[in-house]
1. Residue-wise, which Karplus ³J(HN,Hα) couplings in Hz belong to segment B:46-51, taking 6.51 cos²θ - 1.76 cosθ + 1.60, θ = phi - 60°, and x for glycine or proline?
2. Check the straight Cα-Cα distances from residue A:53 and name the lysines below 19 Å, setting aside those fewer than 8 residues away within the same chain.
3. Given Cα positions, please report Rg to Rh for chain A, the hydrodynamic radius being the Kirkwood one.
4. Sequence-distant or interchain residues sharing an amide H contact under 5 Å with residue B:101, placed H: which?
5. Calculate one ³J(HN,Hα) per residue across segment B:11-23 by plugging θ = phi - 60° into the Karplus curve 6.51 cos²θ - 1.76 cosθ + 1.60, and present them in order as whole Hz with x for glycine and proline.
6. Would you mind classifying the protein assembly as shown by shape? Square roots of the alpha carbon gyration tensor eigenvalues, ordered a ≥ b ≥ c; an a/c under 1.5 is rounded, otherwise it is prolate if a/b is larger than b/c and oblate if not.
7. Enumerate the calculated ³J(HN,Hα) couplings along segment A:107-113 in order (Karplus 6.51 cos²θ - 1.76 cosθ + 1.60, θ = phi - 60°), each rounded to whole Hz, writing x wherever the residue is Gly or Pro.
8. Write down the Kirkwood hydrodynamic radius of segment B:30-75, to one decimal in angstroms, obtained as one divided by the mean of 1/r over all alpha carbon pairs.
Amino acid sequence: DAGITQSPRHKVTETGTPVTLRCHQTENHRYMYWYRQDPGHGLRLIHYSYGVKDTDKGEVSDGYSVSRSKTEDFLLTLESATSSQTSVYFCAIRPTGGIYGYTFGSGTRLTVV
Amino acid sequence: KNEVEQSPQNLTAQEGEFITINCSYSVGISALHWLQQHPGGGIVSLFMLSSGKKKHGRLIATINIQEKHSSLHITASHPRDSAVYICAVGGEYGNKLVFGAGTILRVKS
């Protein structure tokens, strides 16, 4: 999608292994978000960032960590993947000022076996 | 009770019909968003609104702040409109979104 890319698009990993998902933006937006989407739960916020090195937890942050060392990159790490973390992960960006909506990445489908 | 409630959960329509999807919320918001997600696809932002009404092509979104209610209308529906439509509200500082469960729309030709 324009201005935001997620990688990888698909990943299968084994329980207990670390996994890092990457969100990259070219828009220079301050706010970046990681969501997971699961049947019956909809979209839920994992972590978000409001600037370089400034991050905060969302409603389902247990088992996840994030890092933002550059404006353009927001990394989501599963330190030790579990089957309950099988999900579709979406990154989103939002410009400061609030007059424009969110832009979502294409999603990463993660399967933990 | 969820902070954001959408209705209906599922909707099947015939091509050409006028469609309405409703969203009610119980929290203070800075803005309300309507999103579209096609099967297996990404999420697209359709509208962000904090008052009144917005129109884009065959899509119209309205919001009533006093009643904490928004509607998404699709005029002259088409099979390509088949998707999940998600309502989301941004908090007072707009930093986080709370999502509704989504409405699954199927438009038959």
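1. Along segment B:46-51, the couplings run 8, 9, 10, 9, 10, 6 Hz.
2. Residue A:53 reaches A:70, B:96.
3. That ratio is 0.95, to two decimals.
4. Hits under the 5 Å cutoff: B:6.
5. The phi angles translate into 8, 10, 9, 8, 3, x, 6, 8, 10, 10, 10, 10, 9 Hz.
6. Verdict is prolate for the protein assembly as shown.
7. x, 10, 8, 10, 10, 10, 10
8. 11.2 Å is the Kirkwood radius here.
FYI, it's all coordinate maths here, none of it is from the lab. Remember, predicted model here, so these are calculated numbers, not experimental data. Methodologically, a virtual Cβ is constructed for each residue, glycine included, from the backbone with ideal geometry; neighbour enumeration extends over all protein chains shown.
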